[in-house]
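Inspection log for the structure reproduced underneath, given as structure tokens.
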Amino acid sequence: MTIHDKDLKLLWYRAAGRCSICKKELSVEASSPSGNTLIGQNCHIVGEKLNSGPRHKSNLTEGDRNRYPNLILLCANHHVEIDSDETTYTVEILHQIKSDHEVWVQTALTQNDDTIAKKLYSNLINHISDAMRLDMWDRITDNAIRTVMHDKIVVGMRDIVIRLNRVDWLGDEIDLEKAFKEFAARLNTYVEHYTSFAYPKSESIWIENKRLYNDPRTGFPTSEGRKKEEENYHMHFINLWNLTVSLNSLARCIRNAINKEFFFLQGDFVICDDMGVTNAMQSCVYFPKKYRELETS
């Protein structure tokens, strides 16, 4: 079945003609009199075919699979990416990405009518969402539990800390600005401690530097080194916990003051431990609600 024109127009309008993941404009200037050439791809969230294709297992009828609610606008590169990585790009994740992009579009379209303060807040919110890939937070925390971080996330965290600390706050939304400041402080604590015991193993991945705990003469861990390793990991986990608490607090303030739909469907940000690193090899999920202080001996 084909996609109806009404659904296509709605899809392109609500996505503002941009890829829902990388925000790239999906039209190029054409030399012909007919106008620009569209290079975007109308992609299915649940696979178009009933018995084959990416994410095809669903109760959706063939007709519903070609309607706007099951479509997401992407560039060619990200179309290939989502269809080749169904584990990361589940149906639920793609719906969240689509929703977040449309909220981003709506925010961008209405910025001219907003106050200076709301323009500032919206700009910061979009920067945080993009730099920290909040749509992939579950996967990021699962890697963080194993002390593995992508270089882009580490760089993004540092950039956000600098940016938030440079802001000349206007005082229009006191609770929201307080949440931004608390988030900046918790983020700085997290990334500064993480980079003190981890290092970039490659151009893209940071991992824990186990050599920090070894005797330089023998190359083997010392008893003091093992203790230091445990202390570092405990602090790392507490910092991740507190960062997530501050992120949830910020999200609630954003929903109250700026955008009611900001990660509303997803709900609270959590910490995933799929490999059970912190739970005797049993996968688990943590729901941080209150800040935790680091116990000192």
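Bear in mind that the values in this text are calculations on the coordinates, not laboratory data. Just so we're clear, the structure is a prediction, and the values are computed from it rather than from any experiment. For neighbour counting, all protein chains shown are included, and Cβ atoms are generated from backbone atoms with ideal geometry for every residue, glycine included.
Basic side chains Lys and Arg get +1 at the Cβ, acidic Asp and Glu get -1 at the Cβ, and with that the dipole of the chain about its Cα centre reaches some 120 debye.
The C-alpha atoms of the chain define a longest principal axis, and helix 5-14 lies at about 40 degrees to it. What shape does region 144-254 have by the C-alpha gyration tensor, where a ≥ b ≥ c are the square roots of the eigenvalues, rounded means a/c under 1.5, and otherwise prolate means a/b greater than b/c and oblate the rest? Taking the square roots of the gyration eigenvalues as a ≥ b ≥ c, region 144-254 is prolate.
Identify which of the listed values of percent of Cα pairs over 36 Å apart was calculated from the structure shown: (1) 14; (2) 27; (3) 22. Here percent of Cα pairs over 36 Å apart agrees with entry (2). Per-peptide packing, taken as the mean over residues of other Cβ atoms within 10 Å, places 64-71, 274-281, 246-253 in the sequence 246-253, 64-71, 274-281 from highest down.
Using R0 = 35 Å, the C-beta based FRET efficiency linking residue 108 and residue 4 works out to 0.85.
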